[in-house]
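Remarks on the structure that follows.
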Number of protein chains: 2
Amino acid sequence: MSQPSKETITQGFQELQSEIIAGLEALDGKSTFSTDAWERPGGGGGTARVILEGNVIEKGGVNFSAVHGALPQMMQQSLKTSSEAVFYATGVSIVLHPKSPMVPIIHMNVRYFEMEDGGSTTHWFGGGIDLTPHYIHPELAKQFHLRLKSTCDGFDKAFYPKFKTWADDYFYIPHRKETRGIGGIFYDHLSASEKHSKSELFDFGLAVGKTFVPAYSQQVAATKDLPFSEVQQSWQRLRRGRYVEFNLVNDRGTKSGLQTDGRTESILMSLPPLAGWEYSHEPKPGSAEAETQALLRKGIDWI
Amino acid sequence: MSQPSKETITQGFQELQSEIIAGLEALDGKSTFSTDAWERPGGGGGTARVILEGNVIEKGGVNFSAVHGALPQMMQQSLKTSSEAVFYATGVSIVLHPKSPMVPIIHMNVRYFEMEDGGSTTHWFGGGIDLTPHYIHPELAKQFHLRLKSTCDGFDKAFYPKFKTWADDYFYIPHRKETRGIGGIFYDHLSASEKHSKSELFDFGLAVGKTFVPAYSQQVAATKDLPFSEVQQSWQRLRRGRYVEFNLVNDRGTKSGLQTDGRTESILMSLPPLAGWEYSHEPKPGSAEAETQALLRKGIDWI
């Protein structure tokens, strides 16, 4: 069977972006996505698509990019390549900040990376979906994880447990000793092997992408009509503050993007419209906020 | 002449903290500072003093710390010491976020570091003051820099030009291609030499500390009664967002503090109560916001 070329993968991701946008516009029911095409000086470019002030989504982005060129020096070092190495990278990246504090923040990314150095080519896939509820409901967390498990199980029963643990470890804020949210799945450096062809790994990335809209729609449907007031909005601002901390201090993608002179506005599209910090804030014992705080830890089996 | 011991320096910084707090409570006229003493598991501790919801200051901290123990592994590597090295570090650190967008954010730090390794002791001083106006007024920027120059000139005519340039370089946000504000002075690794004794360098640090309240009072007096509305507040939230970006992405003190398991609440006291991000925000040409944006660059001679 023929294996997908970078052109095929790029086109697949581009179609995925359009499909997700159509799904999210239907879900939101008010705002539509603006389009911002950009070019990378070193080669390639992307399309940033942003939604603002919707019924459900206060600020969100669904970004596609396909960039290539000489491998940045910082990556030459970490990947131990020659200075002649060239790369090709394409992917779709999403962060949605909902208006209501009762609705969770969601993040998704699927990506493909290819590198040529001294005549040899390597490639790998990465990606994942994870959820950051301002208020954690264990039953909804279970529904979310069940969907991810079902997508994973369609390819390999070993994927979900491995990628769930990987997400727990990745979406962790050491200086707060807490996870960003309820996790999800995260995977990286998945290359074609005896077990999974390149074609299968590509299909898996697309399947993760196609899980996004139904998984989020389920969360939104269950939470969007819940009442809230200033108490919940104030907590939302603090949780968004933690989201900012993770993205700027801990997220490898954000850090390497900024360091390799990526497109700042696309990278920082993930930051919330409004975030807050209070000195030494502690939720009241027994409150819904304290219940959520107690669930921000690794290793919970939500299913 | 006898040179100041670490005990003398620690006491001097502790007194400086009290003096500055007295000055800021008088300046604010409404809120007073709470006190939060903490201990460091590895040795030493500090006193975090926080002011909230004042007439002038919305959120601010004036922190003192004196910590010691085995040199953290990460610092052993960067300072190229043995694994036996021990350190002593003391300092005062301030960030004030004013309520009004017309009043500038201010930051100050003075610090002393001492290290013993294999029988030899090294020490150095660091510090500085810098200003981040949400709206830059060149005349007020000049007044601010004149005060810093005057403090510097009392010790060495070479200090101001050197430390002003250092601040321009340090308080720079590469991914935004802009400075954090109008700079000020920044210095580090100042050790006793033929030119300046340890005693002189300590006195210089204290003099920088004593410049803080009058310098900020002058800025506050000139701006606190200026009218503002939602337009200015929205711009303030965006400028605070940039402040968050600098502190979490670029500030070496914040990064090393979080990485060496410092006290998170004291380190992140610098973050604003509320900050905002808008996708691809550009101030309107000719607006006061655009004027400020154009002045966020290195190398401006404010005097």
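Here B:M115 clears all of (1) crowded, with 19+ Cβ neighbours inside 10 Å; (2) within 17 Å of B:F202 (Cα to Cα) except the condition numbered (1). The residues of the range A:243-285 that are among the β-branched types (V, I, T) and within 27 Å of B:T47 (Cα to Cα), listed by number, are A:V244, A:V249. All told, A:T264 meets the bar of being facing another protein chain (nearest Cβ under 9 Å) and either touching a Cys at 6+ places or on another chain (Cβ under 9 Å) or among the β-branched types (V, I, T) (or both). If the condition is being in contact (Cβ under 8 Å) with a residue 12 or more places away in the chain and either farther than 20 Å from B:A215 by Cα or touching a helix residue (DSSP H, G or I) at 6+ places or on another chain (Cβ under 6 Å) (or both), then the range B:163-181 contributes B:D169, B:Y170, B:Y172, B:I173, B:P174, B:H175, B:R176, B:E178, B:T179, B:R180. Answer yes or no: is there a residue in the range A:226-237 that is away from chain B (no Cβ under 14 Å) and in contact with a Leu (Cβ under 7 Å, 6 or more places away or on another chain). The answer is no; no qualifying residue exists. Might you check whether a residue that is closer than 28 Å to B:Q218 by Cα, basic (K, R) and part of a strand (DSSP E or B) occurs anywhere in the range B:44-65? Yes, the range B:44-65 contains at least one residue that is closer than 28 Å to B:Q218 by Cα, basic (K, R) and part of a strand (DSSP E or B). The residues in the range B:81-92 that are without any contact (Cβ under 8 Å) to a residue 40 or more places away in the chain, open to solvent by 20 Å² or more (accessible area, probe 1.4 Å) and either of a type in the set (S, T, Y) or part of a loop (DSSP other than H, G, I, E, B) (or both) can be counted, and the count is 4.
How about the range A:19-47: which of its residues are surrounded by 14 or more Cβ atoms within 10 Å (Cβ to Cβ) and small (G, A, S)? Break it down into steps so the answer makes sense when it comes.
Taking the range A:19-47 first, the residues surrounded by 14 or more Cβ atoms within 10 Å (Cβ to Cβ) are A:19-21, A:23-25, A:27-28, A:31, A:33, A:36, A:38, A:40, A:43-47.
If the condition is that a residue be surrounded by 14 or more Cβ atoms within 10 Å (Cβ to Cβ) and small (G, A, S), then A:G23, A:S31, A:G43, A:G44, A:G45, A:G46 are the ones that fit.
With respect to the stated conditions, A:A275 fails to be more than 7 Å from chain B (Cβ to nearest Cβ), free of Cβ contacts under 8 Å to residues at least 40 places away in the same chain and over 17 Å from the mean Cα position of the chain (by Cα).
For the structure I just gave you, tell me whether B:L206 is among the aliphatic types (A, V, I, L, M), part of a helix (DSSP H, G or I) and open to solvent by less than 10 Å² (accessible area, probe 1.4 Å). It is false that B:L206 is among the aliphatic types (A, V, I, L, M), part of a helix (DSSP H, G or I) and open to solvent by less than 10 Å² (accessible area, probe 1.4 Å).
Looking at the range A:173-203, which of its residues are under 18 Å from A:G126 (Cβ atoms) and part of a helix (DSSP H, G or I)? Reasoning before the result, please.
Our first condition is that a residue be under 18 Å from A:G126 (Cβ atoms); within the range A:173-203, this holds for A:180, A:183-193, A:195-203.
Hits for the range A:173-203 are A:K198, A:S199, A:E200, A:L201, A:F202, A:D203.
Comparison of B:T47, B:T35, B:T90 shows that the only residue that is among the hydroxyl-bearing types (S, T, Y), within 18 Å of B:V208 (Cβ to Cβ) and modelled with pLDDT of 95 or more is B:T90. Scanning the range B:129-161 for residues that are more than 18 Å from the chain's Cα centre (by Cα), hydroxyl-bearing (S, T, Y) and either open to solvent by less than 40 Å² (accessible area, probe 1.4 Å) or more than 30 Å from B:K195 (Cβ to Cβ) (or both) turns up just one, B:Y135. Within the range B:277-303, being open to solvent by less than 20 Å² (accessible area, probe 1.4 Å) and assigned to a helix (DSSP H, G or I) holds for one residue alone: B:T292.
Could you go through the range B:104-115 and let me know if any residue there is assigned to a loop (DSSP other than H, G, I, E, B) and either touching a Phe, Trp or Tyr at 6+ places or on another chain (Cβ under 6 Å) or at negative phi (or both). Give the steps one after another, and end with the answer.
Filtering the range B:104-115 for residues assigned to a loop (DSSP other than H, G, I, E, B) gives B:104.
If we keep only those that are either touching a Phe, Trp or Tyr at 6+ places or on another chain (Cβ under 6 Å) or at negative phi (or both) as well, we get B:104.
Within the range B:104-115, one or more residues are assigned to a loop (DSSP other than H, G, I, E, B) and either touching a Phe, Trp or Tyr at 6+ places or on another chain (Cβ under 6 Å) or at negative phi (or both).
Inside the range B:48-67, can you point out the residues that are more than 12 Å from B:S266 (Cβ to Cβ), away from chain A (no Cβ under 14 Å) and buried (at least 18 other Cβ atoms within 10 Å of the Cβ)? Residues satisfying the conditions are B:V56, B:A66.
Being out of contact with any strand residue (DSSP E or B) (no Cβ under 7 Å at 6 or more places or on another chain), away from chain B (no Cβ under 14 Å), open to solvent by 40 Å² or more (accessible area, probe 1.4 Å) and polar (S, T, N, Q) is true for just one of A:S193, A:S217, A:S256. Which residue is that? Explain how you work it out, then say what you get.
Values: A:S217 fails: open to solvent by 40 Å² or more (accessible area, probe 1.4 Å); A:S256 fails: away from chain B (no Cβ under 14 Å).
Of the residues listed, the single one that is out of contact with any strand residue (DSSP E or B) (no Cβ under 7 Å at 6 or more places or on another chain), away from chain B (no Cβ under 14 Å), open to solvent by 40 Å² or more (accessible area, probe 1.4 Å) and polar (S, T, N, Q) is A:S193.
Selection of the range B:93-112 for residues being open to solvent by less than 30 Å² (accessible area, probe 1.4 Å) and of a type in the set (G, A, S) yields only B:S100. A count restricted to the range B:250-268 and to residues that are under 16 Å from B:V62 (Cα atoms) and of a type in the set (S, T, Y) stands at 3.
In the range A:244-264, is there at least one residue being at pLDDT 95 or above, of a type in the set (A, V, I, L, M, F, W, C), farther than 20 Å from B:M269 by Cβ and under 22 Å from the mean Cα position of the chain (by Cα)? The answer is no; no qualifying residue exists.
How many residues does the range A:164-179 hold that are touching a Leu at 6+ places or on another chain (Cβ under 8 Å) and away from chain B (no Cβ under 14 Å)?
Step one: list which residues in the range A:164-179 are touching a Leu at 6+ places or on another chain (Cβ under 8 Å), which gives A:164, A:174-175, A:178-179.
Add one more test, that the residue is away from chain B (no Cβ under 14 Å), and what stays is A:164, A:179.
Matching residues across the range A:164-179 total 2.
Contact annotation: residue pairs with Cβ atoms under 6 Å, 6 or more positions apart or on different chains, pairing a residue in the range A:52-80 that is of a type in the set (D, E, K, R) with a partner that is open to solvent by less than 30 Å² (accessible area, probe 1.4 Å) and part of a strand (DSSP E or B), are A:E58/A:H97; A:K59/A:H97. Among the residues of the range A:226-248, the one identified as open to solvent by 30 Å² or more (accessible area, probe 1.4 Å) and closer than 18 Å to A:A141 by Cα is A:L226.
The values are calculated or read from the model by the stated rules, or taken from the named source; none is laboratory data. Note that the coordinates shown come from a computational prediction; the quantities given were computed from them, not determined experimentally. With ideal geometry, Cβ positions are generated from the backbone for all residues, glycine too; neighbour counts draw on all protein chains shown. These accessible areas exclude ligands, DNA and RNA; they are computed on the full protein's heavy atoms, side chains included. Shrake-Rupley method; radii C 1.70, N 1.55, O 1.52, S 1.80 Å.
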